[in-house]
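Reviewing the structure listed below.
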Amino acid sequence: MAENKRIFIIGGGRFGTHLAQRLAAFDAEVVVADMNPERVQALAESGLESVELNAEDPEALKEAGVQEADTVVVGIGENMQGSILATLNLKDLGIPYLVTRALDERHAKVLDKLGADSVVLPARDMAYRLAEKLRSHFLNDRIPIAGEYQVASVCLGKKLSGVSIEDAKLPENHHINILLLVRENPDGSEETPHTIKEPAAPMVMMEGDTLVVCGTRENINAFEKACG
């Protein structure tokens with residue numbers, strides 16, 4: 001059996017606590033750090049391993065053993081400066097995988113430039129996932145695979161009409177891959193209303209074709225907006 005991952009969460013607010021509780025339910029080894037001693041005590045009483053820590057202090061991070069974690073999550077709430085300094089310190093420690101929580105898009109850009117492996121905006125990301133869940137419920141055209149990757153069906157608009165799959169260069173231009181092309185039969189047969197083809201380089205796409213594609217949620221959304 002694979003060894004359980006050690007995950008260090010900095011920030012014991014609602015975000016950090018909910019994340020820690022869920023990860024603990026998955027049998028991950030979780031440590032939650034916070035500057036507030038009362039919050040640390042409450043976390044310990046709830047059954048979570050916790051430590052009092054100022055993540056702006058690189059020596060304090062070392063003493064807490066954060067460098068031994070497989071993943072570190074910076075879940076600091078409203079303190080943007082603290083979040084940025086913690087991220088800088090953790091990058092200097094060579095953390096294998098660093099996830100940071102951003103307060104807004106500007107903060108997210110800063111964290112990304114500092115080298116965070118993944119930046120999350122909880123409210124935005126939750127809203128996106130809910131929108132796609134509702135969309136999937138009504139249209140049934142999105143299938144999650146792993147992480148951010150999905151299989152989706154996109155009905156083409158005019159932009160790619162008359163363009164071959166080879167010339168469209170979807171992997172290079174849109175970072176998605178075509179799995180299937182579905183086209184309505186011109187004779188309108190009820191028994192075979194559609195023709196389903198595996199993509200081939202010379203195949204020419206038409207307005208109204210449905211492409212079954214694979215890629216990240218973000219890239220599929222961008223492709224659908226540009227070409228759907």
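The values are calculated or read from the model by the stated rules, or taken from the named source; none is laboratory data. The structure displayed is predicted, hence computed values, not measured ones. With ideal geometry, Cβ positions are generated from the backbone for all residues, glycine too; neighbour counts draw on all protein chains shown. Just so you know, the surface numbers come from the protein's heavy atoms only, side chains and all, with ligands and any DNA or RNA stripped out. Shrake-Rupley method; radii C 1.70, N 1.55, O 1.52, S 1.80 Å.
Points worth noting:
- Sequence-ordered 3J(HN,Hα) estimates for segment 21-32 from the Karplus curve with 6.51, -1.76 and 1.60 and θ = phi - 60° stand at 5, 5, 5, 5, 5, 8, 6, 7, 8, 10, 10, 10 Hz, glycine and proline given as x.
- Dipole magnitude of the chain about its Cα centre (Cβ charges: Lys, Arg +1; Asp, Glu -1), debye to nearest 20: 540 debye
- Chain lengthening between K225 and Q41 when straightened (0.36 nm per residue, less Cα-Cα): 61.4 nm
- Percent antiparallel among DSSP beta bridges (both partners in the chain, rounded to 5): 50 percent
- Positive-end residue, the chain charge dipole about Cα centroid, Cβ charges, pick of N54, A42, A146: A146
- The portion of the accessible surface of the chain made up by carbon and sulfur, rounded to a whole percent, is 52 (1.4 Å probe; DNA, RNA and ligands excluded).
- Global form of segment 1-72, assessed from the alpha-carbon gyration tensor, a/c cut-off 1.5: oblate
- Percentage relative contact order, the chain, counting C-alpha pairs under 8 Å, at least six apart: 14 percent
- Relative packing of peptides 110-116, 142-148 - highest average C-beta neighbours within 10 Å first: 110-116, 142-148
- The calculated 222 nm mean residue ellipticity attributable to helices in the chain amounts to -11000 deg cm²/dmol, summing -39500 (n - 2.57) over DSSP H runs of n ≥ 4 and dividing by all residues.
- Among 99-106, 200-207, the peptide with the highest mean count of other Cβ atoms within 10 Å heads the list, and the full ranking is 99-106, 200-207.
- Along principal axes, Cα extents of the chain, largest first, whole Å: 73, 35, 32
- Our estimate of slack between D57 and K91, defined as 0.36 nm per intervening residue step minus the Cα-Cα distance, is 10.9 nm.
- Solvent-accessible area per residue, Å², over the chain with all protein chains present [probe radius 1.4 Å]: 60 Å²
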